[in-house]
There are 2 protein chains.
Amino acid sequence: MFKTNEYFGGKVKSLAFKTKDCSATVGVMAQGEYEFGTTSKEFLTVTSGKLTVKMPGDDAWKSYGPNETMIIEPNIKFKVVSEGDSSYICLYK
Amino acid sequence: MFKTNEYFGGKVKSLAFKTKDCSATVGVMAQGEYEFGTTSKEFLTVTSGKLTVKMPGDDAWKSYGPNETMIIEPNIKFKVVSEGDSSYICLYK
């Protein structure tokens, strides 16, 4: 029913579902640094912990805490650092 | 690393992790009515969709939407109706 996705040897794990108007996942990341690629525009909201991200072309890293949303452009790669376990909800639009 | 929990034939699925100060899960529920039992106090925040719940002793159902948190006492059973897919984060304290 709900597909489980696993990345980076299980250090990032998510569950796929549908909202009223788009595909979505809820997920968790263990402490670490990761690089992700997008295919669609993503609205990623932290629900616990802290994610620090670096978008292509940016010099600076930016941190997002609970209830903060980053908007990620389609077809890019970006870096994420998770401090301890962090959780998120991601909407694909 | 992160344990996947599955209930009601996969209609409810969650990922277990740790916040700074407690155990937690993020999860998804398909459309349906469910009864859950608690062992600890739970702080359940809806992250998408809508959950309508009935606590023991209450006559009325109460609905929770995104960013709304229900506090659930330990050692009780309570009923939850999900309209379509809903997602949540739950903290166990």
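Bear in mind that the values in this text are calculations on the coordinates, not laboratory data. If you're wondering where the values come from, they're calculated on a predicted model, not measured in any experiment. Backbone-built Cβ (ideal geometry, glycine too); neighbour counts: all protein chains shown.
Where the label is 7 Å out from Cα toward Cβ, how close does B:Trp61 come to the same position in every other copy, in nm, shortest first?
List, nearest first: 4.6 nm.
Starting with the highest mean, order B:12-20, A:64-72, A:84-92 by the number of other Cβ atoms within 10 Å, averaged over the residues of each peptide.
A:84-92, B:12-20, A:64-72
Can you list the residues, at least 5 places off or on another chain, whose amide H is less than 5 Å from the amide H of B:Gly84, using H built in the peptide plane?
Residues meeting the criterion, in which the H sits 1.01 Å from N, are B:Gln31, B:Gly32.
Tell me the distances, shortest first, between A:Lys41 and the same position across the other copies, using label points 7 Å along Cα→Cβ, in nm to one decimal.
Copy-to-copy label distances for A:Lys41: 4.2 nm.
Take the Cα coordinates of the stretch A:10-53, assign each an equal point scatterer, and use the Debye formula without solvent to give log10 I(q)/I(0) at q = 0.16, 0.22, 0.24 Å⁻¹.
Listed by q, the Debye log ratios stand at -0.50, -0.95, -1.12.
Show me, bin by bin at 10 Å from 0, the whole-percent P(r) of the stretch A:18-93 based on Cα pairs.
That works out to 20, 56, 22, 1, in percent per bin.
How far apart are the A:Gly84 label points across copies, placing each 7 Å from Cα toward Cβ, in nm, shortest first?
Spelled out, the distances from A:Gly84's label point are 3.4 nm.
Which pairs in the list A:Lys11/B:Lys54; A:Lys79/B:Lys77; A:Lys77/B:Lys79; A:Lys79/B:Lys20; A:Lys62/B:Lys54; A:Lys54/B:Lys11 are over 31 Å apart, alpha-carbon to alpha-carbon?
Pairs exceeding the cut-off: A:Lys11/B:Lys54; A:Lys79/B:Lys77; A:Lys77/B:Lys79; A:Lys62/B:Lys54; A:Lys54/B:Lys11.
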